[in-house]
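Structure first, then comments.
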Amino acid sequence: MLMMIAAPAHAQQTRMQIPCPVMLVSGDAGRDSIRLSFRNKGKMPIQELSFACSPPIEGQARGSICHMERGLFYPGQKYSFDFGYAGARRHSVSISVKTARLGDGSVWISRPSAACKPLRVMRKP
C-alpha cells in the first residue's frame, strides 16, 4: 500500500523538474491592458497559467501574480488573451510565467534552473 502512495508523488515531482512548458511569443501594450500571446511547447495540455509582471501593477507586491489564465491549452498551439494592467503604455513591462498546471493535475513552478524566458512588452511612444 505504501508503494502506491509513493509512486504518484514521484511522478508529480518529476513533472515539476521539467523545463518551461510555455514560450511567450509576443505582447502589445494598450492604454490599460496588455495583449499577450504564448505557445504551449510541452507535451501535454495546460489548464492554468499564472504570470508575474515587473514593474508590478500599482498596489501589488513585486513578484506577485499579475494575471492568471484558465482554459485548456493544447501542445503546439498559439493562444492570445488580454488582461488589465493600469498604465501599460506609460512604461515597459517584463512578463514571466510563474506556474503552469498541467493536464494531469501536476504543477510546474518557475525556478532559476527551469525558468521560462521572460517577455518585455515595450511602451508605445
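The values are calculated or read from the model by the stated rules, or taken from the named source; none is laboratory data. The model shown is predicted, which means the values in this text are computed figures rather than measured ones. Please note: Cβ atoms are built from the backbone with ideal geometry, for glycine as well, and neighbour counts cover all protein chains shown. Quick note on the areas: whole protein, heavy atoms, side chains included, nothing else; ligands and nucleic acids left out. Shrake-Rupley method; radii C 1.70, N 1.55, O 1.52, S 1.80 Å.
The table below lists the values:
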| read-out | value |
| --- | --- |
| Residue within region 87-103 that is on the phi > 0 side of the Ramachandran plot and touching a residue at least 40 places away in the same chain (Cβ under 8 Å) present | yes |
| Tabulated pairs, region 41-59, first within 19 Å of residue 90 (Cβ to Cβ) and charged (D, E, K, R), second surrounded by 14 or more Cβ atoms within 10 Å (Cβ to Cβ) and at pLDDT below 90, C-beta under 9 angstrom, 6+ apart or interchain | 58/87 |
| Conditions (1) at pLDDT below 90; (2) open to solvent by 50 Å² or more (accessible area, probe 1.4 Å); number of the one not met by residue 30 | (2) |
| Of residues in region 80-107 being of a type in the set (S, T, N, Q) and more than 13 Å from the chain's Cα centre (by Cα), the one nearest to residue 119 (Cα to Cα) | 92 |
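Per-residue answers, yes or no, for (1) open to solvent by 30 Å² or more (accessible area, probe 1.4 Å); (2) modelled with pLDDT under 85; (3) not β-branched (Val, Ile, Thr):
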residue	(1), (2), (3)
23	yes, no, yes
35	yes, no, yes
51	no, no, yes
56	yes, yes, yes
62	yes, yes, yes
72	yes, no, yes
85	no, no, yes
91	yes, yes, yes
118	yes, no, yes
